[in-house]
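All of the numbers you see were taken from the coordinates with simple rules; none came from a lab. Owing to the predicted nature of the structure, the values given are computational and were not obtained by experimental measurement. Glycine gets a Cβ as well: all are built from the backbone with ideal geometry, and neighbour counts include every protein chain shown.
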Amino acid sequence: MSTAPVSVTTLTALKARGERIVCLTCYDASFAHLLDAAGIEVLLVGDSLGMVLQGHATTVPVTLEHMTYHSACVARGRTRALVIADLPFLTYATPEQALVSAARLMQEGGAHMVKLEGGTPLVPTVRRLTEQGVPVCAHLGLLPQSVHRLGGYRFQGRDPVSSEAIRHDALALQTAGASLLVLECVPAALAQDISASLTIPVIGIGAGAGCDGQVLVLHDLLGLNAGRPPSFSRNFLTGHASIAAAVTAYAAAVRDGSFPAAAETPY
């Protein structure tokens, strides 16, 4: 494993070589150090912290201050991994607001890239950010910040109209300058097709094994679910004696294509 810091260029090269990218959510320095040592390429400081750390029912209550704080903690704990921080709910309603929010996450929070949720309406925002040197990770499919509009945490893109809309949005966001795309809870065939059609890497969660990489919420990987775990997750701590061993097993399963398996691919 290379000891050079992971960059956007690194991820693009992994895709070009057909090597899968391993990503996990991370919210503090201790876990950042552990995940970094295990060779995880991307640490996502997700607004999922609102649910797994703060106990909220959704990610909506998470603030920019929360994200900046946790991103800074992760940035201090990593050595090699790329740090991506979520722009939280309504902190990127306009391109100019997105610039201000991204500046905080990168200058104060130490993030290398910011992530935002949404399709074609965000093209001007993605273009504005990238013009100013901000690397952007786009996010399509299930959009947790829009859970109230979507009516719950439901798989997306299961009919011809919505699947074509996701395809269109993915290409538009790439053209606008996005360097990475997360596809959440979409059919595996759709995710594989989009991954093959884009030049930027595509990271899946609940989107089958055909993406260029995978991401899981760290707490799901460790079986720390207050209720029923997501259908696409796996408890990697089962059968392993330590958290470090579980993370290593996850990374190996992503890289050899055995995660997610058919049982972890609902559609």
Requested in this report: Per residue, how big is the convex hull around the C-alpha atoms of the chain? Give it to me in cubic angstrom, could you?
Outcome: 116 Å³
Report task. Let me know the shape class of region 98-211, please: from the alpha-carbon gyration tensor, a ≥ b ≥ c as square roots of the eigenvalues, rounded when a/c is under 1.5, otherwise prolate if a/b is greater than b/c, or oblate. Result -> prolate
Query raised in the report: Over region 1-97, what per residue volume does the convex hull of the Cα atoms give, in whole Å³?
Result: 117 Å³
Report summary line: Once Asp159 and Val147 are pulled to full extension, the length gained, defined as 0.36 nm per residue separation minus their Cα-Cα distance, is 2.4 nm
Query raised in the report: Calculated FRET efficiency, Thr130 and Ala241, Cβ-Cβ r, R0 51 Å, to nearest 0.05?
Result: 0.70
Query - Separation of alpha-carbon centers, region 58-99 and region 139-175, rounded to whole Å - result: 21 Å
Query raised in the report: At 222 nm, what helix-only mean residue ellipticity would the chain give, in deg cm²/dmol to the nearest 500, using -39500 (n - 2.57) for each DSSP H run of four or more?
Result: -11500 deg cm²/dmol
**Report entry** Point-to-point label distance, Arg228-Ser7, nm (Cα→Cβ direction, 7 Å offset)
**Finding:** 4.6 nm
Report summary line: Which of Met67, Met113, Met51 fluctuates most in a GNM of the chain (C-alpha springs under 10 Å)? That residue is Met51
